[in-house]
Every structure is written in structure tokens, then in C-alpha cells.
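First up is the structure itself, then whatever we jot down about it.
The values are calculated or read from the model by the stated rules, or taken from the named source; none is laboratory data. Only a predicted model underlies this, so the values are computations on that prediction, with no experimental measurement involved. Counting neighbours? That spans all protein chains shown, and the Cβs are built from the backbone with ideal geometry, glycine included.
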Amino acid sequence: MPRAAVGDDALRLVVEASPSAMLLVDGAGRVVLANTEAERSFGYGPDEILQLRVEDLVPTRFRRHHDLERQEYVAHPSRRAMGVGRELFALRKDGTEMRVEIGLNPITIGGERFVLASVIDITERLRGQEAEKAVREDVLRRSILDSIPFCIIATDSAGRIVTANPAAESLLGYAQEELVGRWITEIDAAERARYADGTPALSRVDGDEAEWTYRHREGHVVPVAEAVVPMDVGDEPGFILVAYDITHRIEARDRAEHLATHDSLTNLPNRGLLVRHLDAAFDAADRDRRQVALLLLDVDHFKRINDSLGHHIGDEMLVVVAERLLSWVRQYDVVARLGGDEFVIVFEDLDPGVDLDRRIADLTRAVLAPIVVHGYELAVTASIGGALYPADGDDPAALLKHADIAMYQAKAAGRNGVRWFEHGMLDDNNDKLSLSAALRQALEHDELSLVFQPQLDLGGGGVVGVEALVRWSSPRLGSVAPDRFIPVAEDGGMIIQLGGWVLRSACSAVVQMQAELGQPLRLAVNVSPRQLRSATWLAEITDAIEASGIEPHQLEVELTEGILIEDHGDVVAVLDALREVGVTIVLDDFGCGYSSLAYLTKFPIDKIKIDRSFVQEITSADTDAAIVDAIIVMAHALGMTVVAEGVETEVQERYLRERGCDEVQGYRYSPGVPAPEVVRVAREWAGVS
């Protein structure tokens, strides 16, 4: 495979975010991708390292053995760790060797096998361990202390420094004679625990390595990994502190955290970070008896710009809007992007009753002036909804929801305007109330039905599963679209009853389908946030499985990304319980919401469903659907299955198959059809395959 094929931005982000040296090696042993830490560790430039075979990074005496082991691994790949409990060596460009631990992970990209190797330089760690052992045994001589690259400081029992090695001088910026006689707390950048007499409680430390901070002589903070070991210093009891600089580790961790909490296009905080900020802002407002204002800004007719001029023009326009918002707000205000064309501005520390109309008028003049992108002058207007804490909501979710309601009122009033939330907006039209009453009646009088959209295996071509979709045909209202009645069921407290009916009915229907087909089928059902939080939902799942006779592994529950952002602890507990039952977890509409690598690693997800909007962008064989490619590569690298929805053309199918997508569904194969029709569709596609 060409090396460019694995040079995708998303894959590079995954590899680059790792604090360890990361190498992607093909079946012939060639290095096809390396992160910055790998270049630094081995001493090669970006272009140089990609000219190497992996054996070039191994000392000569080990190369033949390594080549044989690599060939055996490629033939029989498995996830494994190397170097734990035995010695492994790597070779730098300058000819020096370093002790390493290696983790190997086989991955497949575009049908070709690769090995993702995580290489950890443990040279300094081993030196530190040896130094600590030598200190405990009281055999560390002054000559060794002077040459070791770790900061070593000896104190008396009260915490006063009695000696320090040259590495401590280099780390802290003090000469040895300046350090001797000082209290250890004088070089600390954070407050240590102390005894009642004020001396540092060093004896409470058990000798394990922990992160700490020192303050350099010039005033800046130095993050370190520090171990404190009690031992005699001379003839008196004291302590030895062994430390080394972990600035690079902290920076790598900060980069990964930033990726998880910020929007990749505008670099603004994402929804998750916004919610955390609002929690803190509300606490401060309660304490100081102030108020917080939240504005939700939605760019008008943004879809027209994307459709007519292209997504790259739309993206650049959003970047300009984000930059203008940042330059307009006060230093301690917050600007965030929720996704799409929605931004949030948070004004903190406001006097109760403050008039914000003038500030918002200034915002529309300064931020929403025409924008020139690639020669196109774009007239920018926005619909803005506002809500105040505590008057309009007592938690982030409520305030965001109420600002959203006000924003849609601004859109309904003709766009390019501002509306502040009023509690009367919660029941602003009788249609929603009548629809809610009609839906309750529909649940009682069996007006609802199910259709099933088949899902096909791109490898074999046959139907392997179905997604259950609920339909409502009302005698009075006619056919009611799901996007109308599902939100009403959610808001009206009927979603648990509706979801339970869908689950039970779909399980029974699938058992009948597969009996007629003579083959098992997987069943995907959508789950709402209220269902996931229900105390009885897990029991409903197990009851439906037992009553219908469907196997647990055949059932897939589809969650949207919005569910995952609200309460990580409870969500993980419920999903783990589902996993124990044997149910498969699917992340639906991936890429169109709050997509983050953090969700793929924090939550027990088995399958990712690519949102139809990205599939629809595949219009020809020459299409470069970078987001689709990235999702497939990331999911497979993490051991997840990928299904694409909304497939309508042969071009889209071929593109997805060539990129290694596992399953598909869409109008190319079948719309949602009643259960008996699924059997016919499955037999037709079995004949095609």
C-alpha cells in the first residue's frame, strides 16, 4: 500500500497524540508512519525515518533474530508486549543504543496488514530505579551522584537540604552551595503536607514515584516525577529525593486532553468543556449573587453556502466567525462551538437585571459583518437565542435547551434576530400538545407499526441484520413522521413506553424472520437518553431477549453521541452491564455531533455507524471523502465494526467496499419494509451475491 494511504490526518492525530514513540510498519518491515516522539527518540528527521526498515532501528547483533521474529509475527499477528522482564535494545541515528519496551498491535488498513508499535525508552527509568535501589542500600558514592542524569537531593529529617548533585543544579538553576541549607519546601512550586511544627511530612511518602512540581531559580515551574526515600544521611536519619523532568510527558498529555475537549475546526471549546465551564460559572454566580447569560448563535442559511460553494468555503467562514467572536468577548467570557453552525457565548459575572441588548447589537455589527472567503463576499446573519441563569434554567442542559428554544423562535420570526427565552415558549403551540395527546392514544390503540431496513455485509453481499424503525399512521392526523412524534414522546415522558414496545415487537418479529429465512439476523434498535437512564431499562432488555428467544449477541442498541456527553459514569455502568448480557453497543450518526476520540476510548463501543450526510458526499469514483476514510481507519484500529447508512448508489457502495467498510444500509438495497418483505429482500440479495 502506498505510504500516503496511511498518512490520513485522523490516523496521524491518533498516533501523534501518544506520549510514546509510535511506528507503523508494513508487512515488509518498512516504516510508513512515525510520530514526533519517535523522530525525537531515534534522532531522525520526518523524511529520514520513513526511508528506514524497522531492522535499521535495531542494533546489528540483534537484526537477524529480529527479522525472523517479525516475519513470524506478520504470519501470526496478535497483540503483545515485548521487553517486560527482559532486555530489548533500539539503535539511534547517532549509533547509541537505548533500552526499550515495545507493545505490538496488528491492524489492517485497506486490506493490507500493518503493525503499530509503541516504543518506550526506559533508559532513564531504569537508571532511576537503579539509583533508588543504590540509595536504599546506602552504596551510592559521590562519583555516581555527580554523573547520574537525575536530580538527587538529600535532606535531614526536618527537610533541610544537606547535599545535591549536578543534575539538581541543572534542573533547578541553583549552584550546589545555594541549595545546601535551604528547606526542601523553598524549591517546591506546590504546598507539601506538613507536620504540626511546620516541617514537611516527607516520612509519609512511601517511596513510589509521583508527579510533583519544583520552582526554578528564574521563577518558572518544572514538572517532575519524584520519589522520596527515607534513609540515613551520614550518621543522621534523613531523606533522598530522586526526580526527573517530565515536561514532555505533561505536554503530550495536555495535547491529548485538548483534542478531547476542543472543536477540531475552530479550536473552540466543544460541548463537553462548555458544560463543565457552565457548572463552574453557576457555582460562582450562586456564591456572589450574580447572573450568567448564555447566547446560542446559529448562522442563517449556512447549508446554502455549503451546498452552493462547497464545505471548504463554509468551514473557512465558520473559522472567521469564531475568530471574530473571540476578539469581541471579554477576556473571561467563553465562546464554544456546539457543532455545525452553532456557537455559544457565555457572559459571566453580570449584575442582576443588566441590559444586554446594547452588547448584542454590538455583537451583530462586529461579528456578523460580511466575510470574504476565496473571493466570495458572504453576507452573514444569525438567529440568536438567549437565556439567563438562574431565572431560565438551573443546570447547563436546561439553559442550553431554553436558549435553543429561543433561537428557533428567532428563526421562526424571520431570522437575523434575537429572542430571549420566556417560559411561555415551552408550550408555544397547540400542535405539540395535541400531538402528545394523540400519541398517547396511539400507544393505547395499536396505531404504531414497525418497518425494518436491511443491513448487508459488504464482504459477502447478503443481508445480515435489520434496523427496526417505528411508524405511526393516525386515523385523524394521517401518517406522522418519526422526527415529529419521537421528540414529543421524549418530552412527554412516553419514550420509555414507546421504546419498550419497539424492543419487544422487533425481537419477536426478527425471530419469525430468521425462522423463515433459515439464517440468524442481527437486530438494531435505537435508544433514547431517557431509556438509558431508566432504572427498568436493563430488565426490559433481558425480558425481551428471554421472551422472544433471540440470542443476546444478535441484539444491537444504537446510541447517539449526545447521550455519551451527559453523564459518563452512569452511561458507562449501563453499557458495561449490557456488555455482560452479551448485547452489542453501536454509536449511531458518528461524525455529525460531538465526535471525539475520547468517546471511542472511554466507552464500551463495538460498532460505529457513519452518518448518512458523509455518505451522500460520495458522488463519483474520484471523490475524496476524508471523514469517511478517517472513521473507517480509526474504528478498525480500535477493533470496531463500521456500518454506513444512507447508501443509495453503486459508486457509494464501491467506495465504501474499497475502504474496508464492513456493512451498509440504505435505499440502494431497500427502504424500511414490513417484516414479511424483509424475507423477500434477503432472498433477492442472496441471489445477487
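Every condition in (1) surrounded by fewer than 16 Cβ atoms within 10 Å (Cβ to Cβ); (2) under 24 Å from GLU422 (Cα atoms) holds for ALA336 except the one numbered (1).
Among the residues making up segment 648-686, those that are of a type in the set (A, V, I, L, M, F, W, C) and out of contact with any Lys or Arg (no Cβ under 9 Å at 6 or more places or on another chain) are VAL651, LEU656, CYS661, ALA675, VAL678, VAL679, VAL681, ALA682, TRP685, ALA686. One residue stands out in segment 186-241 among those that are assigned to a loop (DSSP other than H, G, I, E, B) and of a type in the set (A, V, I, L, M): the one that is modelled with the lowest pLDDT, namely VAL205. Restricted to segment 7-97, the set of helices (runs of 4 or more DSSP H) holding at least 3 residues that are at pLDDT below 90 comprises 9-16, 60-75.
For (1) touching a Ser or Thr at 6+ places or on another chain (Cβ under 9 Å); (2) surrounded by fewer than 20 Cβ atoms within 10 Å (Cβ to Cβ); (3) of a type in the set (A, V, I, L, M, F, W, C), each residue gets a yes or a no:
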site	(1), (2), (3)
ILE360	no, yes, yes
ARG365	no, yes, no
LEU399	no, no, yes
ASN416	yes, yes, no
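Quick one: in segment 616-628, which of the residues that are part of a helix (DSSP H, G or I) and surrounded by fewer than 22 Cβ atoms within 10 Å (Cβ to Cβ) is nearest to the chain's Cα centre (by Cα)? Selected residue: ILE627.
Scanning segment 278-290 for residues that are in contact (Cβ under 8 Å) with a residue 60 or more places away in the chain, among the basic types (Lys, Arg) and exposed (fewer than 13 other Cβ atoms within 10 Å of the Cβ) yields a single hit, ARG289.
How many residues does segment 39-48 contain that are under 16 Å from THR96 (Cβ atoms) and under 30 Å from the mean Cα position of the chain (by Cα)?
4
Of the residues making up segment 553-562, those that are part of a helix (DSSP H, G or I) and over 15 Å from ALA509 (Cα atoms) are HIS553, GLU561, GLY562.
Conditions (1) surrounded by fewer than 21 Cβ atoms within 10 Å (Cβ to Cβ); (2) within 14 Å of ILE610 (Cβ to Cβ), marked per residue:
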| site | (1), (2) |
| --- | --- |
| THR641 | yes, yes |
| GLU653 | no, yes |
| ARG657 | yes, yes |
| GLN665 | no, yes |
| PRO671 | yes, no |
| PRO674 | yes, no |
| ARG680 | yes, no |
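Suppose the filter is outside any helix (DSSP H, G or I) and either of a type in the set (Gly, Ala, Ser) or surrounded by 17 or more Cβ atoms within 10 Å (Cβ to Cβ) (or both); does SER613 pass it? Taking the combined requirement at face value, the residue does not satisfy it. Among the residues of segment 584-599, is there at least one that is among the acidic types (Asp, Glu) and assigned to a helix (DSSP H, G or I)? The answer is no; no qualifying residue exists.
Taken together, LEU274, LEU241, LEU278 contain a single residue that is under 29 Å from PHE603 (Cβ atoms) and either touching a helix residue (DSSP H, G or I) at 6+ places or on another chain (Cβ under 6 Å) or not assigned by TED's automatic domain parsing to the domain that holds TYR376 (or both), which is LEU278. Residue check: is GLY459 surrounded by fewer than 17 Cβ atoms within 10 Å (Cβ to Cβ) and either closer than 30 Å to LEU356 by Cα or touching a residue at least 12 places away in the same chain (Cβ under 8 Å) (or both)? Criteria met by GLY459. Any residue that is more than 23 Å from TRP685 (Cβ to Cβ), touching a His at 6+ places or on another chain (Cβ under 9 Å) and modelled with pLDDT of 90 or more - is there at least one of those in segment 571-585? Within segment 571-585, one or more residues are more than 23 Å from TRP685 (Cβ to Cβ), touching a His at 6+ places or on another chain (Cβ under 9 Å) and modelled with pLDDT of 90 or more.
Can you pull out every residue in segment 538-561 that is of a type in the set (Asp, Glu) and more than 26 Å from the chain's Cα centre (by Cα)?
Of everything in segment 538-561, those that are of a type in the set (Asp, Glu) and more than 26 Å from the chain's Cα centre (by Cα) turn out to be GLU540, ASP543, GLU546, GLU551.
The set of residues from segment 171-193 being without any contact (Cβ under 8 Å) to a residue 12 or more places away in the chain and loosely packed, with under 13 Cβ neighbours inside 10 Å comprises ALA175, GLU177, GLU191, ALA193.
Under the condition of being under 26 Å from LEU600 (Cα atoms) and β-branched (Val, Ile, Thr), the residues counted in segment 637-654 number 4. Among residues of segment 251-277 that are farther than 23 Å from PRO396 by Cα, those with a Cβ under 7 angstrom from a residue that is surrounded by fewer than 20 Cβ atoms within 10 Å (Cβ to Cβ), sequence gap 6+ or separate chain, pair up as ALA252/PRO19; ARG253/PRO19; ARG255/ALA17; ALA256/ALA17; LEU265/ASP315; LEU265/VAL319.
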